[in-house]
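Here's the structure, in structure tokens; my notes come after.
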Amino acid sequence: MGDLKGSFFIIFKELKIQLYTFSIVLLALAALYFVIGFYIEPSDEFSPLLSGPIYGILGFLPFFLYGDPFKSAVELGSTRRQYIFSLWLSYFIFIVNMLVIHEIVSYLLELVSDIFGSHVTLKRAGDVLPNANTFDNMWVDFLAVIFIAGICFLVGAIMYRVGIIPTLIGILLAGVIVFIWYVLGDMMPFFKWVCHHIYETLHILGAIGIVSTLLVYPLIINARLKE
């Protein structure tokens, strides 16, 4: 249990720095939008996306959590299983904290903008849903970050296990297959289904993210430490 706790703190120490950085970036971005809003005419539409840094940082971090933190945890006595479980738990906490901070900053930005007359109306991922409420916005953000984090964790694990070049070749081949399907195949039924079942599509993406995260286990459980 002590080794599991140790793995958790090694990982979360890395994530905590990124959480502080994310919070500063989010506040700076909100302040920038607030100032820009004073120079926008009421008739003009200024609807920036504040959640961009969330998606960016989630796609960036997983590639670094299989390096030094993994090596340090195992060398200090943790098993690979303990590291993977710690990785899942700490990253889930990290995601929840980021979403909570995002909601607080979004609420304060719109509140202060209304008080001081800055014409800012934030765009949300939940806008893809008709008549989305606050809960819908939070839930769609959660599904989106789970999907992004899961895919990036899986790609990072594959890259750690087989190497950067083979992983990039595999991604390129997958991209070529999708491109050929798009050019030669009939994707209109697929696009129509997505447009008419957007809520179901978001949940499918969330499920893909969870499955991708679980697939990290068989890839890393027997992985050798790299120098």
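The values are calculated or read from the model by the stated rules, or taken from the named source; none is laboratory data. Quantities reported herein were computed from a predicted structural model and do not represent experimental measurements. Ideal geometry is used to build each Cβ from the backbone, glycine not excepted, and the neighbour counts take in all protein chains shown. Remember, those area values only see protein heavy atoms, side chains included, never the ligands or the DNA or RNA. Shrake-Rupley method; radii C 1.70, N 1.55, O 1.52, S 1.80 Å.
Considered as a group, the residues in region 1-31 that are more than 23 Å from GLY59 (Cβ to Cβ) and among the aliphatic types (A, V, I, L, M) include one that is modelled with the highest pLDDT, and that residue is ALA31. Taken together, ALA174, ALA207 contain a single residue that is in a helix (DSSP H, G or I) and either acidic (Asp, Glu) or exposed (fewer than 11 other Cβ atoms within 10 Å of the Cβ) (or both), which is ALA174. Here ILE95 fulfils each of the conditions (1) open to solvent by 10 Å² or more (accessible area, probe 1.4 Å); (2) among the β-branched types (Val, Ile, Thr); (3) within 30 Å of ILE220 (Cβ to Cβ); (4) modelled with pLDDT of 80 or more apart from (1). Residues in region 99-113: is at least one assigned to a helix (DSSP H, G or I), in contact (Cβ under 8 Å) with a residue 60 or more places away in the chain and closer than 21 Å to ALA207 by Cβ? Scanning region 99-113, I find no residue that is assigned to a helix (DSSP H, G or I), in contact (Cβ under 8 Å) with a residue 60 or more places away in the chain and closer than 21 Å to ALA207 by Cβ, so the answer is no.
Restricting the first member to region 24-38 and to residues that are at positive phi, and the second to residues that are part of a helix (DSSP H, G or I) and open to solvent by less than 70 Å² (accessible area, probe 1.4 Å), no beta-carbon pair is closer than 9 Å while six or more apart or on different chains. Confirm whether PHE191 is out of contact with any Gly (no Cβ under 7 Å at 6 or more places or on another chain), assigned to a helix (DSSP H, G or I) and modelled with pLDDT under 85. Yes, satisfied.
Considering region 136-167, the residues that are touching a residue at least 12 places away in the same chain (Cβ under 8 Å) and open to solvent by 50 Å² or more (accessible area, probe 1.4 Å) include one that is farthest from ILE221 (Cα to Cα), namely MET138. Of all residues in region 171-180, at least one satisfies being out of contact with any Phe, Trp or Tyr (no Cβ under 8 Å at 6 or more places or on another chain) and over 29 Å from PHE64 (Cα atoms). Go through the residues of region 64-83 one by one and say whether even a single one is under 25 Å from TRP139 (Cβ atoms), surrounded by 12 or more Cβ atoms within 10 Å (Cβ to Cβ) and of a type outside the set (Val, Ile, Thr). No: zero hits.
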